[in-house]
Amino acid sequence: MTEFSTGTETSTERVSPQNGVSYPQGSGASTDDHVSRETAPQPLVSGYPVRTAADIAVNAPDFDHDHATPLARAAEHVVLARQGARLRPPMGRPSATRVFVVANQKGGVGKTTSTVNVAAALAQLGQRVLVIDLDPQGNASTALGVDHHRGTPSTYDALVDGVPLVEVATESPEVDGLSVVPATIDLAGAEIELVSVVARESRLRRAILGHPRVGTAQELGEDRLDYVLIDCPPSLGLLTLNALVAGNEMMIPIQAEYYALEGLGQLLETVEMVKAHLNPSLDVSTILVTMYDARTRLAAGVAEEVRDHFGDQVLKTTIPRSVRVSEAPSYGQTVMTYDPGSPGALSYLEAAREIAVKGAAS
């Protein structure tokens, strides 16, 4: 019989890789660690169901829902989440590698956070994932626990010098089945260096197509990559253009605030220009509403407007504001491994499941 903790055990510590300071965790912890006002049940927004972490928690598989309290059901799911991907049935794999561009010219909308957490969640669901960090800040590399100091083999080498991606990729130490092409500060000068290069906007596309594990199940069998996620810088420069030319699908994280909608028109115009002239197969397949605060009418209004405009492209799962999501990168982790039972982790896991299911259905 599964035993649940009451929060009275001896505390454990996590050490921040940035400053080496130990922070006690779990000492005298209350149930508030996994219960948030963000997870209150949500009404329908213009007929669309909005799923939050509370909805996900009470739908844990293989549990006697008829004879358990909501708190017990949520606790059971936390236990399952903490035991990792071993207890999760793997999702069906796509028939060919899906290349996602994660972009939004507005900063601070959860773009990098969504890239790394969706990637980790997909890997936990049995998918084989490659993350390409195309942002010179290297935040995705930090969150996935890979080295990205100057001199490390990186996306700069692949774009400027033509080094094969397979030679600059490294396995994430936190998540099985997830590899990363890190970004270093050298990438900041890549846009200038690529200006005089022939076909400069398609350098990344050629690099991805040249990866020996990118292709169809018929060509590569079980050894293929299922997903390639490209994390773009918060601008519409040559690096982002390379990503748009390389991708087949696009995921746009949108913060549930009014300003997040203002730059969306320019981004979509750029996408249409790329489709018309450089990459006709590019499709905005996924819109992810992030930083959703269920207590405010503004968040519900922004979500409603996004759903009215984009329809089925918007995932039903929203990502709540969460301290755990924000602090996980300081430990060199995604929230999927840092606190897998938190509302943010549960929401990203469900968002990844939606992406996988939508891909299988298409």
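Points worth noting:
- Size of electric dipole in region 210-362: Cβ of Lys, Arg +1 and of Asp, Glu -1, about Cα centre, debye, nearest 20: 240 debye
- Once the C-beta distance of residue 269 and residue 193 is scaled by a Förster radius of 25 Å, the resulting FRET efficiency is 0.40 to the nearest 0.05.
- Global form of region 103-255, assessed from the alpha-carbon gyration tensor, a/c cut-off 1.5: rounded
- Karplus 3J(HN,Hα) series, Hz, for region 321-335 with 6.51 cos²θ - 1.76 cosθ + 1.60 (x for Gly, Pro): 5, 8, 5, 4, 4, 6, 8, 4, x, 5, 9, x, 9, 8, 5
- Cα centroid separation, region 260-275 to region 327-359 (Å): 27 Å
- Estimated distance in nm for a label pair at residue 218 and residue 163, the labels positioned 7 Å out from Cα along Cα-to-Cβ: 3.5 nm
- Couplings for region 125-140, taken from phi via the Karplus curve 6.51 cos²θ - 1.76 cosθ + 1.60 with θ = phi - 60°, read 8, x, 8, 9, 10, 10, 9, 10, 8, 10, 9, x, 5, x, 5, 5 Hz in order; Gly and Pro are left as x.
- FRET E, pair residue 323, residue 259, Förster distance 22 Å, beta-carbon r, rounded to 0.05: 0.50
- This ranking places 334, 240, 296 by how few other beta-carbon atoms lie within 10 Å of each, fewest first, which gives 296, 240, 334.
- Unit charges on C-beta of K, R, D, E only; dipole of region 118-245, Debye: 320 debye
- Listed residues 319, 233, 309: farthest to the positive end of the dipole of region 224-320 (Cβ charges): 319
- Anchor residue 275: lysines whose Cα lies under 23 Å away (excluding residues fewer than 8 positions away in-chain): 106, 111, 358
- Calculated FRET efficiency for the pair residue 248/residue 150, C-beta based, R₀ 56 Å, to 0.05: 0.95
- Rounded to the nearest 20, the Cβ-based charge dipole of region 178-263 about its Cα centre (Lys and Arg +1, Asp and Glu -1) stands at 300 debye.
- Three-way shape call for region 111-153 based on the alpha-carbon gyration tensor, with the a/c threshold at 1.5: prolate
- The residue list 278, 288, 260 was ranked by how far each Cα lies along the charge dipole of region 206-313 toward its positive end, using unit charges on Cβ atoms, and 278 comes out on top.
- Rounded, prolate or oblate (a/c below 1.5 giving rounded, otherwise prolate when a/b exceeds b/c) for region 229-362 by Cα gyration tensor: prolate
- Residues 148, 211, 309, 277 arranged by fewest to most Cβ contacts within 10 Å: 277, 309, 211, 148
- In range of the label at residue 171: residues from region 207-223 whose backbone nitrogen is under 17 Å from the point 7 Å along Cα→Cβ: 213, 223
- Extension gain, residue 206-residue 312: 0.36 nm per intervening residue step, less the Cα-Cα distance, totals 35.1 nm.
Since every read-out is calculated from the coordinates, none of them should be taken as a lab result. Keep in mind that this is a model prediction, so the values were computed, not measured. A quick note on method: Cβ atoms are made from the backbone with ideal geometry, for glycine too, and the neighbour counts reach across all protein chains shown.
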